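Any read-out appearing in this document is the output of simple, stated calculations on the displayed coordinates, not a laboratory observation. Because the structure is a prediction, the values reported are computed rather than measured.
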């Protein structure tokens, strides 16, 4: 996903989406619903440079992730009346650097009809979290630190390399999830008789490097990916950029636009962006808020 396309989705972090029902109601019979996750090519393969900012770093860096761990919880499906049709028990930890789609949660024997209320959460790991595509050691480390997201990797430009290992304790709810299906907006899922409806809870790795917390209302003002300021925050020059160093780095405005939040340091800016990595069915969006 390009940053320009993604910048529009970033609006969901700040502005509740207007819920629009979509899809036919195929009443009668039963079907299943499955929830998976995937990190797309940016997480599996990396993000390269792009001077236009359309599909990479405008300042010439290349980033390769080594871990992109996200803990999924509270996947819930409700019908139009608000009645819960299925809810995830416990949480599931996934490293989306591992290739392919991973199954998180399945509901069988659902009445075939529309379920317009789908939600999930990115929550801190606990000792009972189930590693789906992650190690027990990853689970234990994140549980000990109270992290919901942990990303590690390296950025390179020319002969320079900067490594990062950032853990986030953010606790984020994603509700009213919707996506465009067959050219029209669909809120939630539609279960059809004898079929399995599959919803991908996609994670977007490029979001950590956005230069805006909210997309500009002017479509001519694009959101770009940047790493120069992150690299410059390596105060001790050891090649590792820590969140502590980023929290000590004053945000450069207008290169970085924190509006409408009172964010003044780069670490807080990136922590705010960590709430935006969760999406729905690829480019679909949810209303995002702190729990």
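Contact order normalised by length for the stretch 3-290, with contacts defined as Cα pairs under 8 Å and 6 or more residues apart; what percent is it?
26
Which of 81, 148, 272 ends up with the largest GNM mean-square fluctuation for the chain, with Cα atoms connected below 10 Å?
Comparing 81, 148, 272 in a Gaussian network model of the chain, the most mobile one is 81.
For the stretch 178-289, what relative contact order do you get, as a whole percent, if you take Cα pairs closer than 8 Å and at least 6 residues apart?
For the stretch 178-289, the relative contact order is 34 percent.
Can you give the % of DSSP beta bridges in the chain that are antiparallel, to the nearest 5?
80
Calculated from DSSP H runs of 4 or more alone, at -39500 (n - 2.57) each and per residue, what is the 222 nm mean residue ellipticity of the chain, nearest 500?
Only helices count here, giving -3500 deg cm²/dmol.
Would you kindly state how much longer the chain becomes between residue 216 and residue 135 on full extension, computed as 0.36 nm times their sequence separation minus their alpha carbon distance, in nm to one decimal?
That pair, residue 216 and residue 135, stretches by 25.2 nm at full extension.
Once you've got the GNM for the chain with C-alpha springs shorter than 10 Å, pick whichever of 265, 207, 279 has the biggest mean-square fluctuation.
265
Just to be sure I understand: with springs between alpha-carbon atoms less than 10 Å apart, which residue in 32, 59, 238 has the highest mean-square fluctuation in the Gaussian network model of the chain?
In the Gaussian network model the winner is 238.
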